[in-house]
1. Applying the selection to the stretch 512-544, what residues are touching a strand residue (DSSP E or B) at 6+ places or on another chain (Cβ under 9 Å) and either buried (at least 20 other Cβ atoms within 10 Å of the Cβ) or without any contact (Cβ under 8 Å) to a residue 12 or more places away in the chain (or both)?
2. Check 112, 142 and return the single one that is assigned by TED's automatic domain parsing to the domain that holds residue 70 and out of contact with any strand residue (DSSP E or B) (no Cβ under 9 Å at 6 or more places or on another chain).
3. Among the residues of the stretch 54-82, which ones are outside any helix (DSSP H, G or I), under 30 Å from the mean Cα position of the chain (by Cα) and surrounded by 13 or more Cβ atoms within 10 Å (Cβ to Cβ)?
4. Tell me which residues, restricted to the stretch 479-511, are more than 22 Å from residue 542 (Cα to Cα) and crowded, with 20+ Cβ neighbours inside 10 Å.
5. Do we have any residue at all in the stretch 632-640 that's modelled with pLDDT under 95, among the basic types (Lys, Arg) and assigned by TED's automatic domain parsing to the domain that holds residue 547?
6. Being within 45 Å of the chain's Cα centre (by Cα) and not in a helix (DSSP H, G or I) is the requirement here; does residue 593 meet it?
7. Here is a list: 351, 305. Which entry is surrounded by fewer than 18 Cβ atoms within 10 Å (Cβ to Cβ) and at pLDDT below 95?
8. Any idea which of 401, 358, 434, 363 is at pLDDT 85 or above and more than 18 Å from the chain's Cα centre (by Cα)?
Amino acid sequence: MKVLIVLDDIDERDHLEYLAGGVGWFGNGSRVIVTTRNRQLIENNDAIYEVKTLPDDEAMQLFSQHAFKKKVPDECFEKFSLEVVNKANGLPLALKVWGSLLHKKGVDKWKKIVDQIKKKSNLEIVEKLKISYDGLEPEEQKIFLDIACFFRGENKEEVMQIFESNESEAEYILDVLIDKSLVFISVYDDIEMHDLIEDMGKYIVKMQTNSGRIMNVKGFKDVMMGNMETKAVEAIWFTYSEKLCFSIFPKDAMKNMQSLRILGIFPKDVSNRMPDSNCQDGTIEYLSNELRWFAWIDYPWKLLPENFNPTMLVHLDLRCSSLHYLWNETKQLPSLRRLNLSCSKSLKRTPDFKGMPNLKYLNLKQCTSLKEVHPSLKDCKELKQLNLSYCTNLERFPYVNVEFLNLERCSSLEKFPEILGIRELPLSLNGMENLVSLPSSICKSLDVSNCSKLESLPEEIGDLENLEELDASYTLISRPPSSIIRLNKLRSLDFQKRKSEDRVYFVFPLVNQGLLSLEDLDLSYCNIRDGGLPEDIGSLSSLKMLHLRVNSFEYLPRSISQLGALEYLDLSNCKRLTQLPEDIGCLSSLTKLKLNGNNFEHLPQSISKLGALEYLNLSDCKRLTKLPEYIGCASSLKELYLKEIILRS
């Protein structure tokens, strides 16, 4: 007999085998549909349909059916309904429970209930979701609760490093949590979960009397003042909004926390820290050497304890700290992957990096007192990202081999060593006012704008075959190297200046059928004279936007009319330009043409053949006395500007 069998919410293999154990049990054409939170129950040959959360419109329909018994909410409840649906984030169970809870309630009740929903999840939903948690092994439960309480949205690799299990076992447990739909991995390789799953995890911790996790200021103070057992504490993680005096860190209480793996202290506002003379002059006396994840935003002391040797530390985040330096000696931190000291404006020197062989991410952004980076950074062979932006007093840093480097607004840096590796990610050097030279090895996107003393690009720049964007605006560069034409993936190129320098003339090299992908070229205010534009500019076959305003040429290369892809051309305020090429009408894709502020006496008749032209600006062309005879034939023309022009019939 051909049958259809639906088995809902199966979580044990024994149940599945008992109810639908073999293919031979049923006739040809039969179908068995199984819903489960456990992917491990599914055989390799089974067809799998992964149920997604509901899209917004369907979520609103489901909620409305339970709250109003119809597909759309009543008008006076529409705002509240949107808030509830957003909180449910597409989870049908939440939409049903909350919809039923709000059914036949008045506006005042709705307001109170919705406020409660936004602050904390409904207990009924949490209890139903807890079924998945109850089916986990103890070590799986521990890792799930850590993720729910501390590590949602964090990088998968770093989180895996902190768990006590060996790495392969931690990976296995993560796979179990994914298979049971408790967590998922985002496209950015971060560990994520549904809002309500996170709420369920935090609810479980709250209900446990000995979870070893301190999640609020009150619990933290109870531990510090001896009102709670300290030896079992594995994690302290809280955000404080009131003034918090950090002298409540007694050495004995801290020393007893021999199992403390995770420490996270976060102010809602960094101005909330109470000034404390003990903080300014000394340091905290003791921190657990078992720490794997240490985040303390606005750390209030000048240094870390000398006896702090966290050899298993993976993540150290001390943003906005009062640190002058970390330690007086080299520490062995073989597990450290990420070090964030950004906005530590009193930081005078970086640590010796020799003991951090696996460091991947170093953030020193806005460490405004920092003058140099320790030379040992060159030994960090795993380093991928280095952020030194807004280190306004930085004078030097060592050779590095990285994928991402940000030196934006490092205004005291005049030169830096050769850098390798950053050929796939952006390099920002914006605002380095004293920079006079560049290394020859760069990246996919290069921003040297506002480097006001930079006079040249390296000749080897043409070797950067993956470079797509180059912004050299507001620099002193006047002669790009001839190798630049080999950048056949380059899409955007900007050399614009703030004003034309009479003594410096810009010269762009011959194109020689290069720059095949260039779409946007900006040479505004470059003081280009005749010969400064390449005669073969028409071979830029992909060029869509050409900015040439405020230049000094008297004529344009004739080949400019061959730019078949050109859509935008700005020739405004080129005072010496008195005529355009007669065949400019060949620019078949041109939609916007800016000629305002020039000294044309006449325009070529072929302008009327610009069939795609929608915008033409001739304002302030005071010598122009008449328009081309057939300008009205420009069938797409929508905007024509003629301010300060006197036309004669």
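The values are calculated or read from the model by the stated rules, or taken from the named source; none is laboratory data. Since this is a predicted model, take the numbers as computed values, not measurements. Note: ideal-geometry Cβ built from the backbone for every residue, glycine included; neighbour counts use all protein chains shown.
1. 515, 518, 521, 522, 523, 524, 537, 540, 543
2. Selected residue: 112, the only one of 112, 142 that is assigned by TED's automatic domain parsing to the domain that holds residue 70 and out of contact with any strand residue (DSSP E or B) (no Cβ under 9 Å at 6 or more places or on another chain).
3. Answer for the stretch 54-82, where residues must be outside any helix (DSSP H, G or I), under 30 Å from the mean Cα position of the chain (by Cα) and surrounded by 13 or more Cβ atoms within 10 Å (Cβ to Cβ): just 54.
4. If the condition is that a residue be more than 22 Å from residue 542 (Cα to Cα) and crowded, with 20+ Cβ neighbours inside 10 Å, then 497, 506 are the ones that fit.
5. yes
6. yes
7. Checking each option against the conditions leaves just 305.
8. After ruling out the rest, the residue left standing is 358.
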